[in-house]
Each structure stands twice: as C-alpha cells, then as structure tokens.
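Enquirer: Structure in structure tokens, see below.
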Amino acid sequence: MSVPELAVVFDGAGVLYAPFRIIKNMARGVTKRSRVSGLTCTDRLEKGALAILKTRYEETMENETGSKFLSDLMREKKIESKVVYKKKGVSDEEVVEVILGDKNVRLRDVHETMSFLRRCDIIPVIGVGLIAEVSGGGAGGDRAGAGGERAGAGEGRAGAGEGRAGGGIKYVIAGGINFFPGTLKLLKDLREMGVSVFVASGDRIEREEMAAYLPDVPPENLFGMMKPEDKRDLVRRLKEKQTVVMVGDDRNDYLAMCEADISVLSLQEEADRPGAILEIADFRIKKIGEVKGIIEEMRECVSKQGEGGAREGGAREGGAREGGARGGEVKW
C-alpha cells in the first residue's frame, strides 16, 4: 500500500508565528499591547465583528493627517475591508456599513497603534484591523466557527458596558508577527518530505509580501483574510485528493479542524479557547516542530497497516485498520 499524499494546512497567528497586537479601546482611549486576541474582544460584544483592512498602511494611511476620519479616507481611497470573524446573526453588509459610517476613529488613532507596534520585534508585514459593533445587539453568545460553544463564562455579555451603547468601531488593532522558533525549519522539512503545505490565516497576508519570508511554501498556497468557513472549504477541497491535517489554535479554526482528517491544536500562545476545540483535537502541541513527528507517525502507521494487509492476502479487506475504523483511534 502506498503512503497517501499528505497536505498540512496551518493557521497563521498562534501556529506558525507569534502575533503582536496593539489594541486601542476607543471607549476608554487606552492603547496597549494585548495578549487578548481580536476574536476574544469580538466575542465580548453582543453583535461584534472583526474586519481587516485590505490595504498596506504605509501606502495608503501613514502620510495622512491624523485629524481625518478613517471612514472618510476609506471612501476617498476606496479601501475595502473584509470581515474575517463575526457573531451569529451579523451580516458582512451591516459591518461594512457601520465602519464606513463611523465618525469616531480618526487616522491619529491608527497612527498611534502603529507607532507602538513598530517598537516590537516583528517582521515588516503589518496590518490594520477593526472590531465593530452592529447596533441593536440581542442576547448574543453564539459564535460562528465554534459550534455555539462559549469560550468562557463572560462571553455573550458585552462586558464592562461595551456593546450596549450603540454601533460603531470599538477597537482599532495594529497587528504584526514574528515566527516561532522552529517554524522555518519545519516548513523546510515538510517540503523535503514531499508534504503539501498551505497557510490559511485570518490575518492580512498578501502572497507577494509573505512569499519572501516563507520560501518553502508555494506562493499559491498562501491564503490570508480567511473566514472560518473559508478555511473549512479549503480543507474540504484538498480532501478530494489528499489526506489533510489542519493545525489551528483558536475558535476560528474550529470548522476546518472538524473537516480535516487529523486536527492538531497549537497551545503555543495563551488563549481563551472554547471547550469544543479542545475536544475535537487529535493532537495538542506546545512547539510547532512537533508537527513533523505527527506526520512521521502517520506515515509509519499507514505503512504498517499496508504490510499487515498484504500478509493477510486480502482475506479481510482493511483488516489491519479495523480497530481504528470502529473506535476512531486511527483516522488516517
């Protein structure tokens, strides 16, 4: 039996690289580096959504006067945004309308977060995110991409009064990255092993910009600004021809991890993860290099299954796998 072709799909932040987030809470006027993810901040709003601006800050915003409203600049320069995560019942159209109608966030707020970010040890790939609240929020608590699970006792509530005072942009985020130790070596090893590697991230990743930093990943396999459903659909397409491993770390990876043949949960970064994603993970890792061992184990297992089937002379088709087929212990 030949070893099936493998594909590994990696999330970005929290998996391949450490995220650096500078978040400005517009209600409080506080700007700081935060280990709380944009997903968690979004979940604290009753009808929240996280959107990424589809532009390079240094090209369209950096030289703009700080007094200008961000929404005015977006209209003027036709800067688009993409909703990458949202609460149940919120539409992309509603989010775009709120962002373009906001008269609170000015360019000085974006400049401030970027100034903080550039003091961090990051590679020069940066992005701007906005967390908005659609007015008229209801009870909340459901979450796209996590099967309705709650990430913690406080989720589903606005928290500290946020999300109850009408719609608008609640947080401005400047985001940067730096690779975890072992990331580049792992990607090189997987390429040499003949494994197909894909990156499916919710961050602002542009192929021509990231390809220089990920030489062992084909540029056409780099995907950015992906919704949870986008990641799931990518895994689903790959499964038509390959055995797929999904490596994720948070609720926006839940659907893709459910869809994958094998799901790996990265615990390299602290996060307020929903219980559901812990339950569906086949493996949990604390260092990205551990993925290589999982792939080697998969290949060894498949090879032994094939040898066992050949010895039986085909008397029992798939007999070497029957324990896994019944109990789900061996999924590949």
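Enquirer: Do any residues in segment 247-258 that are surrounded by fewer than 24 Cβ atoms within 10 Å (Cβ to Cβ) have Cβ atoms under 9 Å from those of residues that are of a type in the set (D, E, K, R), where the two are at least six apart or on different chains, and which pairs are they?
Expert: Pairs that qualify, where the first residue is surrounded by fewer than 24 Cβ atoms within 10 Å (Cβ to Cβ) and the partner is of a type in the set (D, E, K, R), are C258/R232.
Enquirer: When only residues in segment 109-139 that are acidic (D, E) and modelled with pLDDT of 95 or more count, which is farthest from R56 (Cα to Cα)?
Expert: Of segment 109-139, the ones acidic (D, E) are 109, 112, 121, 133.
This time we only want the ones that are modelled with pLDDT of 95 or more, so: 109, 112, 133.
On the way: D109: 16, E112: 16, E133: 24 Å.
Filtering first and then ranking leaves E133.
Enquirer: Hey, another quick one. Out of all the residues in segment 201-220, is one or more farther than 30 Å from S115 by Cα, outside any loop (DSSP other than H, G, I, E, B) and over 13 Å from the mean Cα position of the chain (by Cα)?
Expert: Yes, segment 201-220 contains at least one residue that is farther than 30 Å from S115 by Cα, outside any loop (DSSP other than H, G, I, E, B) and over 13 Å from the mean Cα position of the chain (by Cα).
Enquirer: Further, regarding this structure: Which one of these is surrounded by 18 or more Cβ atoms within 10 Å (Cβ to Cβ) and either in contact (Cβ under 8 Å) with a residue 12 or more places away in the chain or assigned to a helix (DSSP H, G or I) (or both): R237, R232?
Expert: That would be R232, the only listed residue that is surrounded by 18 or more Cβ atoms within 10 Å (Cβ to Cβ) and either in contact (Cβ under 8 Å) with a residue 12 or more places away in the chain or assigned to a helix (DSSP H, G or I) (or both).
Enquirer: Looking only at residues that are of a type in the set (D, E, K, R) and part of a helix (DSSP H, G or I) in segment 87-118, which one is surrounded by the fewest Cβ atoms within 10 Å (Cβ to Cβ)?
Expert: Result: E93.
Enquirer: Taking into account only those residues within segment 194-215 that are modelled with pLDDT of 95 or more and aliphatic (A, V, I, L, M), which is surrounded by the most Cβ atoms within 10 Å (Cβ to Cβ)?
Expert: Among residues in segment 194-215 that are modelled with pLDDT of 95 or more and aliphatic (A, V, I, L, M), the one surrounded by the most Cβ atoms within 10 Å (Cβ to Cβ) is A200.
Quick grid of which residues meet (1) outside the structural domain of E94 (by TED's automatic domain parsing); (2) among the hydroxyl-bearing types (S, T, Y); (3) not in a strand (DSSP E or B):
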site	(1), (2), (3)
I23	no, no, no
T31	no, yes, no
V36	no, no, yes
T42	no, yes, yes
L45	no, no, yes
A49	no, no, no
E59	no, no, yes
N63	no, no, yes
G66	no, no, yes
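Enquirer: Check E76 against each of (1) over 26 Å from L45 (Cβ atoms); (2) at pLDDT below 95 and name the one condition it does not meet.
Expert: (2)
Enquirer: For residues that are within 21 Å of V134 (Cβ to Cβ) and more than 25 Å from the chain's Cα centre (by Cα), scanning just segment 71-86, find the one that is surrounded by the fewest Cβ atoms within 10 Å (Cβ to Cβ). Step through it out loud before you land on a result.
Expert: Start the filter on segment 71-86 by keeping residues that are within 21 Å of V134 (Cβ to Cβ), which leaves 71-72, 74-75, 79-86.
Within this subset, residues satisfying the condition of being more than 25 Å from the chain's Cα centre (by Cα) are 71-72, 75.
Values: S71: 19, D72: 15, R75: 11.
The residue in question is R75.
Enquirer: For a quick check of your reading of the model, give me the residue pairs whose first member lies in segment 183-208 and is over 19 Å from L238 (Cα atoms), whose second is assigned to a helix (DSSP H, G or I) and not basic (K, R), with beta-carbon atoms closer than 7 Å and at least 6 apart or on different chains.
Expert: Cβ pairs passing all conditions: L186/V291; R207/P219.
Enquirer: Within segment 68-81, can you find the residues that are without any contact (Cβ under 8 Å) to a residue 24 or more places away in the chain and either of a type in the set (S, T, N, Q) or in a loop (DSSP other than H, G, I, E, B) (or both)?
Expert: Scanning segment 68-81 gives a single hit, K78.
The values are calculated or read from the model by the stated rules, or taken from the named source; none is laboratory data. Remember, it's a predicted structure, so these values are computed and weren't measured experimentally. Cβ sites come from the backbone with ideal geometry, for glycine too, and all protein chains shown count toward neighbours.
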